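Have a look at the structure below, then the notes.
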Amino acid sequence: MAENHAQNKAKLISETRRRFEAEYVTDKSDKYDARDVERLQQDDNWVESYLSWRHNIVDETLKMLDESFQWRKEISVNDLNESSIPRWLLEIGVIYLHGYDKEGNKLFWIRVKYHIKDQKTISDKKKLIAFWLERYAKRENGKPVTVMFDLSETGINSIDMDFVRFIINCFKVYYPKYLSKIVIFDMPWLMNAAFKIVKTWLGPEAVSLLKFTSKNEVQDYVSVEYLPPHMGGTDPFKYSYPPLVDDDFQTPLCENGPITSEDETSSKEDIESDGKETLETISNEEQTPLLKKINPTESTSKAEENEKVDSKMKAFKKPLSVFKGPLLHISPAEELYFGNTESGEKKTLIVLTNVTKNIVAFKVRTTAPEKYRVKPSNSSCDPGASVDIVVSPHGGLTVSAQDRFLIMAAEMEQSSGTGPAELTQFWKEVPRNKVMEHRLRCHTVESSKPNTLTLKDSAFNMSDKTSEDICLQFATSSCETDCSPP
């Protein structure tokens, strides 16, 4: 069944490409951006998104592609950047991305009270919408957004049906499959008639995506941590520009792990070595006896102990998936898996491998810096080497599908130092276009089966097991994970 479905999808994608080239590109090549035409031939997901939205009817898909590609050429979507948008429009915060809904979808905010209907500026506002959506689409290919229409404090001057229709068209035609839902908050009674018209624009298949909410209902879709106070939330976020609001990624509050008690306090020596030692993938409590200075009488036993730990760690370095970036290979590729709540939240591992001939500096940021301990969160990786990063929830805080991690990396000059001061200065000076970025989602494993991307505490305590035993356990859990449905 699955094989037939894949074959049918492949045939539809092939037919769509062939017919679009023959029936549209031949006669309208000047109306399309050559980069979009090339991408259509290479990106199966892009073609599939149009097909899916048009219920796999190729004729309808071709019409949709034609309209979408002409619009992309007219508005120069592929060339939009910050300088394409008037600065004042970026400063007022009428449109931006921030936070996540309960399903883990990015929130696309439209603060309607800051929009005044004005034919002189409507073109720039449409470009701003396109700028944010294209920026998101390039980073999070295929992952939907939830549109937050915030109508609080909205007056008659803010009602602009042309602008609303453009936003609807963006998701119906220009960015198919990117719409999770539209949450409309605190709609004034005078706009009831207007949104009856909006429903006709959406079409019957998308009307169900409209969610009309007040302060009570909005929390059905978005947690209070990502809602502003006027919506009954606790999010302290205040929009400002510059810089652009990115994905709300912040450096974890305690780069070397939050200190919650004297028992967890690391020595200065341990902290300074953070990011350099293989053994830092063990929690503070576990590494205390391992990181003590070794005296001559203990050297043999300590070496053997370290060798055992190394063999155990290597067993967990075999990833299920790898993102192959230009500077670093990152595993896992998309999701960090944490243990289920029945046994308590567990650590998870990110493995970075430097595929360049230079030292690569990296840092880890997260949307929930108060929730996670990340070790190391700011360090470097030698050419051809790998670095293990351990991520663990802090205290009793719970992993959420809304949480995200960002890996940032950039090549360093051979003469550059890699100490804390040098790294701080490096990140201040490195050009943005030289920085590689990769995002990871969080996922809590519901099954009690061991997961290959979760570091079980027991793995560090099985001193009587050999590395072969652990590799066998890895292979077994790998099979279980691969065979389970997505």
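The values are calculated or read from the model by the stated rules, or taken from the named source; none is laboratory data. Small disclaimer: the values here were computed from a predicted structure and weren't measured. So basically every Cβ, Gly included, is an ideal-geometry build from the backbone, and we count neighbours across all protein chains shown. Calculation scope for accessible area: heavy atoms of the full protein, side chains included, ligands and nucleic acids excluded. Shrake-Rupley method; radii C 1.70, N 1.55, O 1.52, S 1.80 Å.
The condition (being part of a helix (DSSP H, G or I), among the polar types (S, T, N, Q) and within 25 Å of SER180 (Cβ to Cβ)) is satisfied by just one residue among ASN56, ASN45: ASN45. Considering only residues in segment 389-414 that are modelled with pLDDT of 80 or more and more than 20 Å from the chain's Cα centre (by Cα), the one that is surrounded by the fewest Cβ atoms within 10 Å (Cβ to Cβ) turns out to be GLU413.
Does segment 55-65 hold any residues that are surrounded by fewer than 20 Cβ atoms within 10 Å (Cβ to Cβ) and either within 13 Å of ARG17 (Cβ to Cβ) or of a type in the set (Phe, Trp, Tyr) (or both), and which are they? Scanning segment 55-65 gives VAL58, LEU62. Screening LYS28 against (1) within 22 Å of ASP79 (Cα to Cα); (2) within 28 Å of the chain's Cα centre (by Cα); (3) not polar (S, T, N, Q) leaves a single unmet condition, (2). Looking across ASP186, ASP235, ASP160, ASP150, one residue alone is charged (D, E, K, R) and under 21 Å from the mean Cα position of the chain (by Cα). It is ASP235.
Just so you know, in segment 210-249 the residues that are open to solvent by 40 Å² or more (accessible area, probe 1.4 Å) and hydrophobic (A, V, I, L, M, F, W, C) include one that is nearest to HIS438 (Cα to Cα), and it is PHE237.
Within the bounds of segment 332-343, is there any residue that is modelled with pLDDT of 90 or more and either among the aromatic types (Phe, Trp, Tyr) or over 30 Å from VAL224 (Cα atoms) (or both)? Checked segment 332-343: no residue is modelled with pLDDT of 90 or more and either among the aromatic types (Phe, Trp, Tyr) or over 30 Å from VAL224 (Cα atoms) (or both). Residue count for segment 87-99, restricted to those that are more than 19 Å from PHE171 (Cβ to Cβ) and open to solvent by 10 Å² or more (accessible area, probe 1.4 Å): 4.
Mind listing whichever residues of segment 138-169 are open to solvent by 10 Å² or more (accessible area, probe 1.4 Å), closer than 21 Å to VAL47 by Cβ and not acidic (Asp, Glu)? If the condition is that a residue be open to solvent by 10 Å² or more (accessible area, probe 1.4 Å), closer than 21 Å to VAL47 by Cβ and not acidic (Asp, Glu), then LYS138, ARG139, ASN141, GLY142, LYS143, PRO144, ASN169 are the ones that fit. Filtering SER84, SER68, SER29, SER52 for residues that are open to solvent by 50 Å² or more (accessible area, probe 1.4 Å) and among the hydroxyl-bearing types (Ser, Thr, Tyr) leaves a single hit, SER29. Picking from residues in segment 358-390 that are assigned to a strand (DSSP E or B) and small (Gly, Ala, Ser), the one that is farthest from PRO431 (Cα to Cα) is SER386. List pairs: first in segment 89-102 and within 29 Å of CYS442 (Cα to Cα), second acidic (Asp, Glu), Cβ under 7 Å, 6+ apart or cross-chain? Short answer, once both residue conditions are applied: HIS98/ASP248; GLY99/ASP235; GLY99/ASP248.
Inside segment 194-225, can you point out the residues that are touching a Gly at 6+ places or on another chain (Cβ under 8 Å) and more than 18 Å from SER180 (Cβ to Cβ)? Result: LYS215, ASN216, VAL224, GLU225.
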